[in-house]
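Just below is one structure, and these are the notes that go with it.
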Amino acid sequence: MSAQTNALRLLPWTTPEGKPCFLSSDTDEGVLSRLADAVEAAQTSAGAGVLGCAKAVLADPQVGARELRFALARVTEVLDDVLRVAESRGARLSVPYEDEEGDEGDEPRLPAEAFG
């Protein structure tokens, strides 16, 4: 059974001009949604790999400025990707909340906050 979605999904890539891409779909199991899931998984995996390499560079007292700049450039690239993934996933996890009178609020809350 496919999950129903009502909002635009922020995709894990941008246009050639660097603008965000969104998907409007009534299901999260379509071809483009599955492709976006695979790209997000690859981006977070790459982030973990780059983090490990950056830690190794920082731990080496003999590393030069060129190596540090290269490591920092890779870290900023994957951080940008992982933050986009987090924003997209967070938006899809949000749920409306009810105030004390039982009325739904305008601001979405993450599921854990809805029960707290």
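What nm distance separates the two modelled labels at THR15 and ARG92, each placed 7 Å from Cα along Cα→Cβ?
Distance between label points: 2.3 nm.
Can you run the Rg to Rh ratio on the range 10-99? Use alpha carbon positions and the Kirkwood inverse-distance Rh. Let's see the in-between values first.
Details: Rg = 16.9 Å, Rh = 15.2 Å.
Ratio value, two decimals: 1.12.
Any read-out appearing in this document is the output of simple, stated calculations on the displayed coordinates, not a laboratory observation. Please read these numbers as outputs of a predicted model, since none were measured by experiment. Positions of Cβ are generated from backbone atoms using ideal geometry, with glycine treated the same way; all protein chains shown enter the neighbour counts.
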